[in-house]
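Step one of this worksheet: look at the structure below.
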Amino acid sequence: MKTNNANHKLSINELTKIFPHPSKPNTNIPIFANVSLNMDAKRLNFLIGPSGSGKTTLFRILLKIEVINAGEIHFDNQVIHYLSHKLRTKYLQSVGFMDQFPARYLSMRLTVKENLDYVLLLRSTLNSNERQERIQSIVKELNITNLLEQKVQTLSGGELRRLGLACTIISKPTLLLLDEPTAQLDAENKKLVMNTINQLYSIYKPLIIITTHDQSIIEEKSAVYEIKNRRIELL
């Protein structure tokens, strides 16, 4: 596949996000307060912070699941915090998301090939032959050609993550959100998954944001952002 050389950019200005308290009427829980940051595709971007600090909330905002209370969000110079239905659909087609539990969205009784084909049916307008060409290309690039005919339920934890990455990138998103991609993996599989992420990055150059509690996977050349006291700071 052709390499993408664009430097995709995410800009957040004065973002505020507040949730109503689940049991106390007229009480709010602030998650983000006047957050401003800039990320780009020049390197991997890691987002760290304790559980409950807002890592998943930020992803849900970028996926247009949660609305913001104040501020502005731009991706590649497009305002995304408010979009018409048509533009929202187009924007979401440019976003890839991988949950930390791939089994939640993979069809376990189908084969690897069938899962990849299903993703393309949902997220592209490719015909059958074009889909098969795209599948062959992605599995070759990720070195999982030998898994194509295997049922997903037979895959190891590391293989599941790599299939999750393949499903996430196969539609060529320009913004890639990876939620704890190495959680609950042993050292060898962590390395395999991070090698796969770096390989995907080198080929497609999407803007990649990775949430993690495991700082051992963070490479020196990466950008690291920490959520602390309702702010997000570049370390």
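The values are calculated or read from the model by the stated rules, or taken from the named source; none is laboratory data. Note that the structure is a prediction, hence the values are computed from the model and not measured. With ideal geometry, Cβ positions are generated from the backbone for all residues, glycine too; neighbour counts draw on all protein chains shown. Quick note on the areas: whole protein, heavy atoms, side chains included, nothing else; ligands and nucleic acids left out. Shrake-Rupley method; radii C 1.70, N 1.55, O 1.52, S 1.80 Å.
All told, Arg88 meets the bar of being under 19 Å from the mean Cα position of the chain (by Cα) and either surrounded by fewer than 14 Cβ atoms within 10 Å (Cβ to Cβ) or among the charged types (D, E, K, R) (or both).
Any residue in segment 188-197 that is of a type outside the set (Val, Ile, Thr) and touching a residue at least 40 places away in the same chain (Cβ under 8 Å)?
Of segment 188-197, the ones of a type outside the set (Val, Ile, Thr) are 188-192, 194-195.
Remaining after also requiring touching a residue at least 40 places away in the same chain (Cβ under 8 Å): none.
Looking for residues that are of a type outside the set (Val, Ile, Thr) and touching a residue at least 40 places away in the same chain (Cβ under 8 Å), one finds none in segment 188-197, hence no.
Checking each residue in segment 150-178 for being assigned to a strand (DSSP E or B) and in contact with a Lys or Arg (Cβ under 8 Å, 6 or more places away or on another chain) picks out only Lys151. Here the condition is being within 30 Å of Glu233 (Cβ to Cβ) and charged (D, E, K, R); of Arg161, Arg109, it holds for Arg161 alone. If you go through segment 93-132 and keep only what is surrounded by 13 or more Cβ atoms within 10 Å (Cβ to Cβ), charged (D, E, K, R) and either farther than 28 Å from Gln184 by Cα or in contact (Cβ under 8 Å) with a residue 40 or more places away in the chain (or both), you end up with Asp99, Arg123, Arg131. Restricting the first member to segment 138-149 and to residues that are under 15 Å from Asn195 (Cβ atoms), and the second to residues that are of a type outside the set (S, T, N, Q) and open to solvent by 10 Å² or more (accessible area, probe 1.4 Å), the beta-carbon pairs closer than 7 Å and six or more apart or on different chains are Glu141/Ile203; Leu142/Arg162; Ile144/Arg162. Scanning segment 179-200 for residues that are open to solvent by less than 30 Å² (accessible area, probe 1.4 Å) and outside any strand (DSSP E or B) returns Glu180, Pro181, Thr182, Ala183, Leu185, Val193, Met194, Thr196, Ile197, Leu200. Just one residue in the set Leu178, Leu155, Leu160, Leu235 is among the aliphatic types (A, V, I, L, M) and in contact with a Pro (Cβ under 6 Å, 6 or more places away or on another chain); that residue is Leu160. Exactly one residue out of Ile169, Ile138 is in contact with a helix residue (DSSP H, G or I) (Cβ under 8 Å, 6 or more places away or on another chain) and either under 26 Å from Ile73 (Cβ atoms) or among the polar types (S, T, N, Q) (or both): that is Ile169.
You will find that of Lys42, Lys24, Lys55, the residue that is within 30 Å of Val139 (Cα to Cα), basic (Lys, Arg) and open to solvent by 60 Å² or more (accessible area, probe 1.4 Å) is Lys42 and no other. Within segment 201-223, residues that are under 19 Å from Ala187 (Cβ atoms) sit with their Cβ atoms under 9 Å from residues that are of a type in the set (A, V, I, L, M, F, W, C) and open to solvent by 60 Å² or more (accessible area, probe 1.4 Å), at 6+ positions apart or across chains, in these pairs: Ser216/Ala187. Taking segment 206-230 as the range and being out of contact with any strand residue (DSSP E or B) (no Cβ under 6 Å at 6 or more places or on another chain), closer than 30 Å to Asn13 by Cβ and open to solvent by 60 Å² or more (accessible area, probe 1.4 Å) as the test, the residues that pass are His213, Gln215, Glu220, Lys221, Lys228, Asn229. For segment 133-149, filtered to residues that are within 22 Å of the chain's Cα centre (by Cα) and in a loop (DSSP other than H, G, I, E, B), the residue that is surrounded by the fewest Cβ atoms within 10 Å (Cβ to Cβ) is Asn143.
Across segment 27-39, which residue is modelled with the lowest pLDDT among those that are surrounded by fewer than 19 Cβ atoms within 10 Å (Cβ to Cβ) and hydrophobic (A, V, I, L, M, F, W, C)?
In this case the residue turns out to be Ile29.
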